[in-house]
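Read the structure below first, then the notes.
Each value in this text was obtained by applying a stated rule to the coordinates, not by laboratory testing. Not measured: the values here are computed from a predicted model. Methodologically, a virtual Cβ is constructed for each residue, glycine included, from the backbone with ideal geometry; neighbour enumeration extends over all protein chains shown.
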Amino acid sequence: MMETRFHDRKAAGRRLAKWLAGYHNQQDVVVLGLARGGVVVASEVARLLNLPLDVLVVRKLGTPGQPELAMGAIASGGGQAVNEDVVGALHIPGEAFDAVARLETKELRRREALYRQGRAPLNVRDRTVIVVDDGLATGATMRAAVSSLRRQHPAHLVVAVPVAGDEAYTEIQKMVNEIVCLSMPGSPRGVGASYEDFRQTTDEEVCSLLQATQNRFPLSCFPKRKAS
């Protein structure tokens, strides 16, 4: 597959939507964007396919002393992925992994409360779910997301990304029913290298994009959380 470059996340989402056109207007299909950057891509997919959009919060678990190196990831709903190669090569003890996981779980819960504003997640049981991110590097966050979603018993699980590394693509492909990827550079490098504009997505942007999809669909699609 040839390498493709994208102007920004929205442009990548528009191109992904063309490859997902068969899902246009399907009542049993929902789009989930991985927060934060994946929500921007997903918002264009959902808008052009006229599908409801929701957020799935994920957090990378950075290696102690090397926070940019992922030793795993967690996702809303309890999904977790471990990069065994990294953990093994750096001899990371279980207690160090768990300490980072606890810290990131707090941030995950903060973001989920901020993005949802009291709304419950979309029900994905027996539905087709298109999970979107801005790219797959190690694939850890997507593996955690898929793990969480599998617990909710979707009928069909699709992962859609603009760009992916070879290994991450192969690993995710084994976990889902379908994977759509527009570009595979063929050599390991950061996802951002495939974008001209890869500025960090803010919490405010995520909240605005989620509000926009609620304005397009009935409130019944976005139920309030039940009081505990």
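Some notes on this structure:
- Judged by the ratio a/c of the largest to the smallest principal axis of the C-alpha gyration tensor, the chain counts as oblate, that ratio being 1.5 or greater while a/b is no larger than b/c.
- Look at the dipole of the chain built from charges on Cβ: of L103, A137, A120, the Cα furthest out on the positive end belongs to A120.
- 3J(HN,Hα) couplings calculated from phi for the range 122-129 with the Karplus curve 6.51 cos²θ - 1.76 cosθ + 1.60 (θ = phi - 60°) are, in sequence order, 4, 6, 9, 4, 6, 10, 7, 10 Hz; Gly and Pro show x.
- Estimated dipole of the range 21-92 in Debye, rounded to 20 [Cβ of Lys and Arg +1, of Asp and Glu -1, Cα centre]: 180
- When the square roots of the Cα gyration tensor eigenvalues are ordered a ≥ b ≥ c, the ratio a/c for the range 102-148 is 1.5 or more and a/b does not exceed b/c, which makes its shape oblate.
- Rounded, prolate or oblate (a/c below 1.5 giving rounded, otherwise prolate when a/b exceeds b/c) for the range 83-190 by Cα gyration tensor: oblate
- Cα centroid separation, the range 83-162 to the range 12-52 (Å): 18
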